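Throughout, read-outs are computed from the coordinates displayed, never taken from laboratory work. Predicted model only: the values in this text are computed from it and were never measured. When we count neighbours, we look across all protein chains shown, and the Cβ atoms used for this are built from the backbone with ideal geometry, even at glycine.
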Amino acid sequence: MTLHRRDFLGFGAAVLTASAWASEFPIAGKPVRIVVPAAPGGPADLMARSLSLTLTSQLKGAPIVVESKPGGATVLGANIVASSPSDGYTLLLTINSTHTQVPHLLQKLPYDPFRDFTPICQLFRAGVVICGQPSLKAQNLKELVELSKSTEAISAASAGIGTNGHLYIEMLNRIYGAKFIHVPYKGASEGQRDLQAGIVQVYFDSVSSAIPHIKSGKVKALGVTGTSRIEALPQIPSCVEMGFSELDVTGWFGVFGPGGMPSAVVDTLNRAFVEALKSQEVRRQFEPLGIELTGTSAKEFDSIVRRDYATWGKVIKNAGIKMEQ
């Protein structure tokens with residue numbers, strides 16, 4: 001292939017531009033925008049705002065501007081970041097489904113989940129708690145799966161089509177031979193309400209939502225997804241501990257930038273987020289909710305995203321799950 005002079009000059013200009021971004025970032029006082037592809041007041045929005053004060057001190061006083069851009073199963077907000085300059089001043093704080101599930105659930109996306117984003121840091125991970133009615137004749141997930149095989153079926157609810165809870169139900173049905181009838185809701189509160197009312201027998205709930213109901217005795221916890229028990233519910237065994245090794249994946253929140261970010265900028269942002277997660281205020285606010293603050297390196301986060309993308313993609317394909325656009 002012949003490299004023409006104008007191509008060489010263009011390539012050189014791009015390298016110089018990336019180098020300039022890397023050497024100058026962050027410019028003191030220049031705002032850093034964090035786009036949250038969810039409604040204001042939700043967990044991702046609260047996390048971004050909680051981290052903002054410490055981030056500012058880590059980034060030469062740069063003001064942190066949090067913008068909520070809900071819509072399109074997080075696609076709207078994600079696309080804003082994918083289309084932004086790769087200079088470190090526009091970031092995406094989002095949940096795992098944006099990059100590991102939605103690309104398999106929707107036929108068309110305006111971006112590529114890998115080419116158009118740069119992983120910066122996983123902020124936290126949190127499992128899903130399998131909650132059952134107090135009268136259910138099962139004390140853990142292993143007994144629940146066996147119970148489902150010996151009865152007509154067990155109604156198992158989730159917060160909606162394509163959510164973590166739904167995918168765990170599909171994994172249990174297809175890999176472990178459970179006989180759960182999936183009942184999708186349009187959010188966590190409705191599913192938990194109907195579980196307590198006896199309308200559904202089991203509900204795959206987020207840890208933060210389930211904790212108060214478990215502690216009050218209104219529901220009982222049968223297991224938590226992931227490899228280990230969680231600090232907020234130490235008496236509840238993990239799914240992997242009970243022999244369900246395929247349920248080792250968990251939900252998470254993470255930060256991405258646009259694709260092609262200079263490594264020096266990524267490193268600076270990663271250090272800033274890792275330090276922000278050490279804040280006592282952040283830990284006091286989020287650890288009681290049963291989540292594990294992680295603060296991974298960018299490389300570790302990239303590996304997690306790619307692994308989960310493959311895992312969830314297989315589940316979604318085998319179950320034939322699709323979402324309407």
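Multiplying the sequence separation of R229 and S150 by 0.36 nm and subtracting their Cα-Cα distance, what value in nm do you get?
Working: separation 79, 0.36 × 79 = 28.44 nm, distance 2.80 nm.
Extra length from R229 to S150 when fully extended: 25.6 nm.
How big is the C-alpha Rg of region 161-232 next to the rule-of-thumb value 2.2 N^0.38 Å, as a ratio?
For region 161-232, the normalised Cα radius of gyration is 1.10.
Taking the C-alpha atoms of region 168-285, how large are the radius of gyration and the largest Cα-Cα span, Dmax, in Å?
Rg and Dmax of region 168-285, Cα atoms, are 18.2, 54 Å.
Pick from G223, G160, G132: which residue has the top mean-square fluctuation in a GNM of the chain where Cα pairs under 10 Å get a spring?
G160
Would you pull out the residues with amide H under 5 Å of V128's amide H, same chain only if 5 or more places away, H placed 1.01 Å from N?
Result for V128 returns T225, G251.
Calculate the tail of P(r) for region 41-103: the fraction of all Cα-Cα distances greater than 13 Å, expressed in %.
The answer is 66 percent, as a whole percent.
If region 264-319 were replaced by its equivalent ellipsoid, with semi-axes equal to the square roots of 5 times the Cα gyration tensor eigenvalues, what would those be, largest first, whole Å?
27, 18, 6
In the Gaussian network model of the chain, springs joining C-alpha atoms below 10 Å, which of L109, L93, L289 carries the largest mean-square fluctuation?
Ranking L109, L93, L289 by mean-square fluctuation puts L109 first.
P(r) for region 132-198, please, calculated from all Cα pair distances in 10 Å bins and given in %.
Calculated over all Cα pairs of region 132-198, the distribution is 22, 54, 25 percent.
Taking amide H positions as placed in the peptide plane 1.01 Å from N, state which residues far from V183 in sequence (5 or more) or on other chains have amide H under 5 Å from it.
Under 5 Å from the amide H of V183: A156, A157, S158.
So what's the convex hull volume per residue for the Cα atoms of the chain, in Å³?
137
What number in nm² do you get for region 101-177 if you take the convex hull of its Cα atoms and divide its surface by four?
Spelled out: convex hull of the Cα atoms, projected over all directions, averaged, 7.5 nm².
If you average the sequence gap of Cα pairs under 8 Å that are 6 or more apart and divide by the length of region 15-104, what percent do you get for the contact order?
37
Of Y89, Y176, Y168, which is the most mobile in a GNM of the chain whose springs link Cα atoms less than 10 angstrom apart?
Most flexible of the set in this elastic network: Y176.
Quick one, could you list the DSSP H helices from the chain stretching 20 Å or more along their long axis (Cα atoms) with average Kyte-Doolittle hydropathy of 0.5 or above? It would help to have the intermediate numbers written out before the result.
On the way: long enough: 5-24 (28 Å, 0.32); 43-58 (23 Å, 0.24); 263-277 (21 Å, 0.79); 298-319 (31 Å, -0.60).
Sorted by number, the helices that extend far enough and score high enough are 263-277.
Which of N96, C131, P113 sits farthest toward the positive end of the charge dipole of region 67-131, with +1 on the Cβ of Lys and Arg and -1 on the Cβ of Asp and Glu?
C131
How much space per residue, in cubic angstrom, does the convex hull of the C-alpha atoms of region 30-167 take up?
145
Which stretch or stretches of region 129-162 have amide N atoms under 16 Å from the point lying 7 Å from L289's Cα along the Cα→Cβ direction?
Correct set: 129.
Only Lys, Arg, Asp and Glu count, each charged at its Cβ (+1, +1, -1, -1), so figure out the dipole size of the chain about its Cα centre, rounded to 20 debye.
140
Among the listed pairs K142/K186; K186/K317; K142/K215; K220/K322; K220/K314, give every one whose C-alpha distance is greater than 25 Å.
K142/K186; K220/K322; K220/K314
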